[in-house]
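Right, one structure below, let's go through it.
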Amino acid sequence: MNIELGISSFGETTPLETTGKAISHDQRIRDLLEEIILADKLNIDAFAIGEHHRKDFAVSAPEIILAAAASKTKQIHLSSATTNLPTINPIRVYEQYATMDAIASGRVEIMAGRGSFTEAFDLFGYDLENYDELFIEKLEMLLKMNKEEILDWPKGKFTPRVDHKGIYPRTKKPIPISVATGGSIESTIRTAELGFAIIGGNPLHFKPLIKLYRRVAEKVGNDLTKMPIAAHSWGWLNHDKDKAIKDYFYPTKLLVDQISTERPQWTGMTYEQYLEAVGENGAIFVGDSETVANKIIKVMEELGLTRFYLHLPIASMPHEDVMNAIRIYGEEVVPKVKTYFQKKTEQDRLKLKWKN
């Protein structure tokens with residue numbers, strides 16, 4: 001079983017617990033670049049950066065930071081998390097990531113999504129009523145140009161007619177494209193039919209959707225071995241498990257409480273709810289390397305995942321602490337998880353050989 005373990009970030013700029021002040025956007029972007037470079041040196045498989053258009057996240061153009069990281073790294077895969085297709089021109093998306101691929105050949109990926117935060121719709125003049133239609137039409141256009149150098153595209157509801165125009169630069173191979181979904185049945189079916197998916201959220205809640213995804217993919221004839229399924233979860237690491245849990249509460253509550261003022265389905269977080277979330281069966285991966293590694297193994301094994309992204313951090317933490325968490329993840333968590341699945345794969349191979 002070939003698994004990939006990565007990190008994701010939104011370039012958070014919420015107030016720090018120690019100072020009560022937020023890191024400036026320019027400093028957070030510089031810090032983020034250092035974090036990617038460190039992850040590359042530690043042989044972490046991937047680093048994904050999300051797109052937002054609001055004060056509490058520094059990254060509105062992830063492709064710019066990923067391109068900078070591409071020039072300073074050697075092996076790590078670089079992805080958006082996500083590229084919000086409804087509010088961007090898909091031709092520009094392809095051109096940007098194809099250009100990046102020239103710098104980091106074979107290490108670039110597009111993770112496409114609708115965007116769970118919707119500020120970009122007003123900002124760029126799109127109607128939220130077209131939330132799904134925009135995404136579907138632009139995704140189909142992006143997929144077509146990713147396969148074909150010369151684009152012929154009939155005028156759509158949201159995209160212009162393109163008559164036999166070349167889209168450049170071209171990559172040696174099509175850019176890997178994944179779709180991020182937060183739990184929609186319709187989205188899961190659609191991505192399975194198209195032949196790719198990346199799934200984020202509380203992993204254990206997605207088991208029925210993953211089963212559905214696999215059934216639909218097989219029914220339409222897609223090769224599941226070429227369709228990665230991933231989880232993306234909040235998390236934090238420190239060699240002292242209790243300290244990790246204590247330190248992570250403030251930024252987690254800060255973000256959850258803020259979102260709860262914007263979304264009626266969210267509520268503020270209590271400390272009891274937080275402890276449940278970071279517990280053995282909770283959705284947040286916090287603790288020392290052994291705790292986090294065991295939790296990742298459990299989720300990946302139970303759901304049959306091929307990828308796992310740990311979001312470090314979910315709201316602002318001191319840069320030196322983030323770097324320390326990345327070191328623990330790369331030096332201790334990643335090797336333990338990979339060793340476990342390598343041994344399991346070998347055991348399964350021997351069992352099959354014995355059975356035959």
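Before moving on, here are some points about what is shown:
- All helices (runs of 4 or more DSSP H) inside region 78-167 with 3 or more residues being β-branched (Val, Ile, Thr): 90-103
- Screening Val59 against (1) more than 17 Å from the chain's Cα centre (by Cα); (2) not in a helix (DSSP H, G or I) leaves a single unmet condition, (1).
- Flag for Gly115 being at positive phi and surrounded by 18 or more Cβ atoms within 10 Å (Cβ to Cβ): yes
- Number of residues in region 98-111 that are under 16 Å from the mean Cα position of the chain (by Cα) and of a type outside the set (A, V, I, L, M): the value is 2.
- Complete set of residues in region 46-85 that are among the charged types (D, E, K, R) and in contact with a helix residue (DSSP H, G or I) (Cβ under 8 Å, 6 or more places away or on another chain): Glu51, Arg54, Asp56, Glu63, Lys72, Lys74
- One residue stands out in region 142-193 among those that are hydroxyl-bearing (Ser, Thr, Tyr) and at pLDDT below 95: the one that is most open to solvent (accessible area, probe 1.4 Å), namely Ser184.
- Qualifying positions in region 106-143 - over 13 Å from Ser79 (Cα atoms) and of a type in the set (Gly, Ala, Ser): Gly115, Ser116, Ala120, Gly125
The values are calculated or read from the model by the stated rules, or taken from the named source; none is laboratory data. Bear in mind that the values here come from a model prediction, so they are computed numbers and not experimental data. No Cβ is skipped: glycine too gets one built from the backbone with ideal geometry, and neighbour counts run over all protein chains shown. Side chains are part of the model used for accessible areas, which takes the heavy atoms of the whole protein and leaves out ligands, DNA and RNA. Shrake-Rupley method; radii C 1.70, N 1.55, O 1.52, S 1.80 Å.
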